[in-house]
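Visitor: Sharing a structure below in structure tokens format, with a few things to ask.
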Amino acid sequence: MTESSSIRGGNVTASAARGSIRWRTSLFGLASIALSILVVFLVLFPLLRLLEISFFPAGVFDVSALRDVIGSAWLIDTVSNTLIVVAVSGTIAIPAGSLLAWLNERTDASLRSVGELLPLIPILVPSIAMAIGWVFLASPGSGFLNGALTWLLLPLGYEATIDIATWPGVIFAFTINAIPYVYLVVSGALRNLDPAMEEASRISGAGTWQTFRRVSVPAIKPALAAAALLVTIIGFGNYSIAIIVAQRAGIDVISVRIFQLLTVDYPPRFGQATVLCIFVLGIASSLWLLQRHFAQKGNFAVIGGRASQASVVQLGRWKWAARVCMLVYFACATLLPLFALAVVALQPFWNVAISPSEFTLDNFRTAFVEHYVTRQAFLNSLLLAAAGGLAAIGVGSVIALYARQSRSALAKLADGVTKLPALFSHLSLAVGFLVAFAAAPFHLGGTTWLLLLAYVVIFMPEASIAANAAVAQIGNELIEASAICGASEGRTFRKVIAPLMLPALVSGYALVFILISGEVTASALLATNDRPVIGYVIRSTWDGGSFGTLAALAGGFAFMNCIVALISFKLGKMRLRIP
Amino acid sequence: MSQNERIRVVSLTKRFTRRDGGGEVVPVDNVSFSVGDREMVVLLGPSGCGKTTLLRCIAGLERPDSGQIFIDGRLVFDSASNIFVPPEKRFVSMVFQGYALWPHMTVFDNVAYPLTCRNVPRRDLRSRVIEALGVVGLSGLDSQYPNQLSGGQQQRVALARAVASQTTTIFFDEPLSNVDAKVREQLRNEIQRLQQSLGFTGLYVTHDQVEAMALAHRIGLLREGRIEQIGSGKDLYWNPRTEYVANFVGSANLWKGKIKASERDSVIVQTDFGLLKAKQPVQQRYSVGDSVTVLARPEVIKLVESPVDTLNCSFAGTVKHRSFLGAYVETTVAVSDRLVRVASTAMDSVPEGENVFVEINPQHLVLLSGHD
């Protein structure tokens, strides 16, 4: 700081020029302060409104909403169902995802393409498409897997039926959905873990398994805790799988209940819905505090790895078994559901017998040509994604630059608040937006603005991480070197800062674009028939459309996501990071 | 295989295919050598010479492509019969460059780890860990976590972990390159002391010739995956087989020449700046016309005002450059168009620009056959 100010102090530029620099600096400063206040407001106000509606509906402390929830007949079932689904699927997904990550990062079973694609699965195949695909695969009678099982087993005299709409089916779907998030966090941690740690263990006489158990896993405990937190947040907040699979199985979970209180019950029971949201937020926040406490207490300083030197763990005869496991997971999460969607979309009727001769594009015509709302929805979603991505990245960059330059409390607060939405499920945020901005004094209910604001806030953490990464690429020395060479601040920004930040910002933009266009939960709650978006249309077709149209929609949706993801891969190496 | 040999490497080769498809790298190229009981062998070489890969092959962290490795008489790798004993079954210890301490374990647990892996009974465990920590001077730090220690202390923990286990073979992979100069010297002395008192067999990889000289019973100098010369430090310094060895170990004046006359115990060599007299080597006799390279270490050359000793060869020159290095002064003297490096004590130094004579005792010149 003193260096740069002394440089400026010693500068003998004409006072007019110095004035203009100051003016520009303060303009940037003012814009940063204004944006920071706006972001803090947009994130915190809905949360405060959730609390207000729950406990201060008429301005005074009132627990009637809480009493209603506690007194309701569904409470025990709904809460215990949710806890069981989240706990069991998390308990399976964390070891499974970690094992997949370890196999791919450290062993000779590693498959490059699986390693690259696995963390992207939730983006390539949105969970609603995956859930619908599994309904087509594993429903009694007409599910394709049941057809295959009958064909295989009947000649042997056996009979077997699998049904996704059962307890094991629901847990299976939640597990499949959670694994990529675990994989992402754990593979990142393994990549940062110095392979010498594991080699030292081998030299000490520990075998592959003992090393995995006593060194690799404990050394990445913070990542495992983070994965557990993430899986819990995603599990509680997941609405897509819940509405498709759990509801079909007659298993009531919190996310579906919140929707029901707000959209099915009349008049909407805002108080009860917000109480449930606060319950979910409370669980996520306490887990977050626990995880932070845990991460700070432990000794997990990791020395930078020399990954190129890592000796690959030889699995011997287990190598192929491990590869089969990876491919089976990959098929369950992507290929099989996509296959089912494609077949149902192409057939006139959902039928266990696949007959390519009858394939027709009728369902696609119904879904995309005849149905005006769908067309409008795809268009709206793409526009919202384009605008929302720009807004999120723009705001994220300004705040990241501001937080770097200024040490004010506001800068710190704004930087922290941009990461906060990661802790809350889309559903809680959407409910918060509904109760905060839909009615007076904002009157944004049913408008595209409400959706846009909600999207920007929901994906602010991802945008902010991309922006922070972009800012981090510019060392202070680079800016100082530019100043030493006599460049003005404007020139430094144009010639040094902007070109260095741009690639990271472009890939961040692509990520936020895909996330917004694929968002289902907030879309289903906040969009209307007049202002439809993709998530909303799929959700309402599930309630009242033909299976063929639904398959065409979900398939088209997944296809669009894949295309957009591929384009952004081409544009710049898209980086996926969990806040 | 002789009784006191602990490690034996036979025709070991390891190849890597370049990632960009640009052919093959051979970091270990048909290497054979052995390490005796209680012997410390240092593999020395510049970065990229394959010394670390060779060590990792012997430790079992890399799988070589061909050759054999014996540890304590047991065949642990043989490409012909497809034997590959994994590192955990080779019964060795290793000290890593980056310490490789497990951050989630205390110092005690780190040191105890190899013992628990090898099923040492609980009652022996504690005393052995405490003893090992005492040996490396870390008594009382057993309940600390690695990240609470300095770099030097962390490497001491790694050292304790290596000596606490029951193995008597310890591999060192550039263990001192991550600590600063003073600590490096301390730890080097420590390793030397431990090696003498505990009597373990060591194989040590480094690029630092001072470290190698100080620690080694024998140094294996590596060049592009091959052992260029193996022998004691003194041997490599005074009897280098090639110019590469002469240059890598210490500093050297190397002059190309031809044998002009050959007698029973001396030869005359014609060099660019005149005739030089040198001893006839015992093991190899040179005859007239042979190409040789003359090696003169800077400290065997004297600077004198006028030639004194007629038995020595003297050449007139001018002092071009002088660097004061504390214990000695390094002087560069131009003799005709050649630069000669001379190391002398600070008291004998001559100012820049002065005319001097360089005087060389034939007894201290070394002849290398041919040119590199």
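Values quoted throughout were computed directly from the atomic coordinates according to the rules given, and no laboratory measurement underlies them. Since this is a predicted model, take the numbers as computed values, not measurements. When we count neighbours, we look across all protein chains shown, and the Cβ atoms used for this are built from the backbone with ideal geometry, even at glycine.
Visitor: Just order A:249-255, A:549-555, B:73-79 by mean Cβ neighbour count inside 10 Å, highest at the front, would you?
Guide: Taking the mean over residues of other Cβ atoms within 10 Å, the ranking is A:549-555, A:249-255, B:73-79.
Visitor: On to the next question. Can you pull the three principal axis extents for the Cα set of region B:5-88, in Å, largest first?
Guide: 42, 31, 22
Visitor: Using the 2.2 N^0.38 Å rule of thumb for compact globular proteins, work out how region A:171-242 stacks up: its C-alpha Rg over that value, please.
Guide: For region A:171-242, the normalised Cα radius of gyration comes out at 1.36.
Visitor: When only C-alpha pairs under 8 Å and at least 6 residues apart count, what is the relative contact order of region B:234-344, in percent?
Guide: Across region B:234-344, relative contact order equals 21 percent.
Visitor: Which value in Å does the Kirkwood hydrodynamic radius of region A:355-414 take, with 1/r averaged over all unlike C-alpha pairs and then inverted?
Guide: Roughly 15.3 Å, rounded to one decimal.
Visitor: Express the relative contact order of region A:191-280 as a whole percentage, based on alpha carbon pairs under 8 Å and six or more residues apart in sequence.
Guide: It rounds to 17 percent for region A:191-280.
Visitor: Subtract the Cα-Cα distance of B:E24 and B:E224 from 0.36 nm times their separation in residues, and report this length gain in nm to one decimal.
Guide: Working it through step by step, the gained length comes to 70.7 nm.
Visitor: Please list, in chain and number order, the residues 5+ apart from B:I7 or on another chain whose amide H is under 5 Å from its amide H, with Hs placed from the backbone.
Guide: Those lying under 5 Å, H to H, from B:I7 are B:V35, B:D72.
Visitor: Picking from B:Q195, B:A214, B:A181, whose Cα lies most toward the positive end of the charge dipole for region B:180-221 (charges on Cβ: Lys, Arg +1; Asp, Glu -1)?
Guide: B:Q195
Visitor: Additional query: Starting from the amide H of B:A261, placed 1.01 Å from N in the peptide plane, find each other amide H under 5 Å away whose residue is 5 or more places distant or on another chain.
Guide: When sequence neighbours closer than 5 places are left aside, the close amide H contacts are B:I268.
Visitor: May I pose another question? Which value in deg cm²/dmol, rounded to the nearest 500, describes the helix-derived mean residue ellipticity at 222 nm for chain A, given -39,500 (n - 2.57) per DSSP H run of n ≥ 4 and division by the residue count?
Guide: When only DSSP H runs of four or more count, the value is -22000 deg cm²/dmol.
Visitor: Determine ³J(HN,Hα), in whole Hz, for all residues of region A:338-346 in sequence, where each value follows from phi through the Karplus function 6.51 cos²θ - 1.76 cosθ + 1.60 and θ = phi - 60°; x replaces Gly and Pro.
Guide: Values per residue, Gly and Pro as x: 5, 4, 4, 4, 5, 5, 5, 5, 8 Hz.
Visitor: Mind giving me the FRET efficiency for A:K419 and A:A160? R0 is 41 Å, r the Cβ-Cβ distance, nearest 0.05 is fine.
Guide: 0.30
Visitor: For region A:161-320, take the alpha-carbon Rg, divide it by the Kirkwood Rh, and send me Rg/Rh.
Guide: 1.11
Visitor: Taking only Cα atoms, what is the 0 to 90° angle, nearest 10, from helix A:318-330's long axis to the longest principal axis of chain A?
Guide: Between helix and principal axis, roughly 90 degrees.
Visitor: Normalise the Cα radius of gyration of chain B by 2.2 N^0.38 Å (N = residues in it) and let me know the number.
Guide: Rounded to two decimals, the normalised Rg is 1.19.
Visitor: If we restrict to alpha carbons, what Rg and Dmax does region B:79-184 come to, in Å?
Guide: 14.5, 50
Visitor: Continuing with the same structure: Need one number: nm distance between label points at B:D65 and A:V264, each 7 Å from Cα along Cα→Cβ, rounded to one decimal.
Guide: If labels sit at B:D65 and A:V264, their model points lie 6.7 nm apart.
Visitor: Hey, got the dipole for chain A? About the Cα centre, +1 on K and R Cβ, -1 on D and E Cβ, debye to the nearest 20?
Guide: Approximately 1760 debye in magnitude.
Visitor: Further question on the same structure: Expressed in nm to one decimal, what extension gain is obtained for the pair A:F294 and A:I567 from 0.36 nm per residue of sequence separation less their Cα-Cα distance?
Guide: 94.3 nm
Visitor: Shifting gears a bit: Using helices alone, I'd like the mean residue ellipticity at 222 nm for chain B: each DSSP H run of four-plus residues gives -39500 (n - 2.57), total over residue count, nearest 500.
Guide: -7000 deg cm²/dmol
Visitor: How large is ³J(HN,Hα), in whole Hz, for each residue of region A:30-42 in order, when computed from phi with the Karplus curve 6.51 cos²θ - 1.76 cosθ + 1.60 and θ = phi - 60°, using x for Gly and Pro?
Guide: 3J(HN,Hα) across region A:30-42, in whole Hz: 4, 4, 5, 5, 4, 5, 4, 4, 4, 5, 4, 5, 5.
Visitor: Okay, next question. Less than 19 Å apart at the alpha-carbon level, and either on another chain or at least 8 residues along: which lysines does that give for B:K260?
Guide: Counting by Cα, and skipping residues close in sequence, B:K260 has these lysines nearby: B:K277, B:K279.
Visitor: May I pose another question? Going by how many other beta carbons lie within 10 Å of each one, how would you line up A:R248, A:R191, fewest first?
Guide: A:R191, A:R248
Visitor: Place a point 7 Å from Cα of A:D530 in the direction of its Cβ. Which residues in region A:343-383 have their backbone N less than 19 Å from it?
Guide: Only A:372-381 fall inside the zone, counting backbone N under 19 Å.
Visitor: Here's something else I'd like to know. Region B:170-299: Rg/Rh from Cα coordinates, Kirkwood Rh?
Guide: That ratio equals 1.09.
Visitor: Using amide H atoms built 1.01 Å from N in the peptide plane, name the residues 5+ places from B:S79, or on other chains, whose amide H lies under 5 Å from its own.
Guide: B:G67
Visitor: Label 7 Å along Cα→Cβ of B:K89; region B:138-179 residues with amide nitrogen under 20 Å?
Guide: B:166-169
Visitor: For Cα pairs less than 8 Å apart in space and 6+ apart in sequence, what is the mean separation divided by the residue count of chain B, i.e. the relative contact order in percent?
Guide: Relative contact order for chain B comes out at 15 percent.
Visitor: Please compute, for peptide B:101-108, the average count of beta-carbon atoms on other protein chains lying within 10 Å of each residue's beta-carbon.
Guide: So the per-residue partner count for this stretch is 6.
Visitor: Taking the Cα-to-Cβ direction at A:C325 and at B:M347 and moving 7 Å from each Cα, how far apart do the two end points lie in nm?
Guide: 7.5
Visitor: Projecting each Cα onto the charge dipole of region A:315-453 (Lys/Arg +1, Asp/Glu -1 at the beta carbon, about the Cα centre), which of A:F349, A:V435, A:H371 comes out farthest on the positive side?
Guide: Checked the options; the winner is A:V435.
Visitor: Moving to a separate point now. For the residue pair A:D362 and A:E52, what label-to-label distance in nm results when each label sits 7 Å from Cα along the Cα-to-beta-carbon direction?
Guide: The two pseudo-label positions are separated by 5.3 nm.
Visitor: What is the Rg over Rh value, at two decimals, for chain A, using alpha-carbon atoms and the Kirkwood definition of Rh?
Guide: 1.00
Visitor: P(r) of region A:33-162 in 5 Å steps, Cα pairs, percent per bin?
Guide: 2, 8, 7, 8, 10, 13, 14, 13, 9, 6, 5, 3, 2, 1, 0
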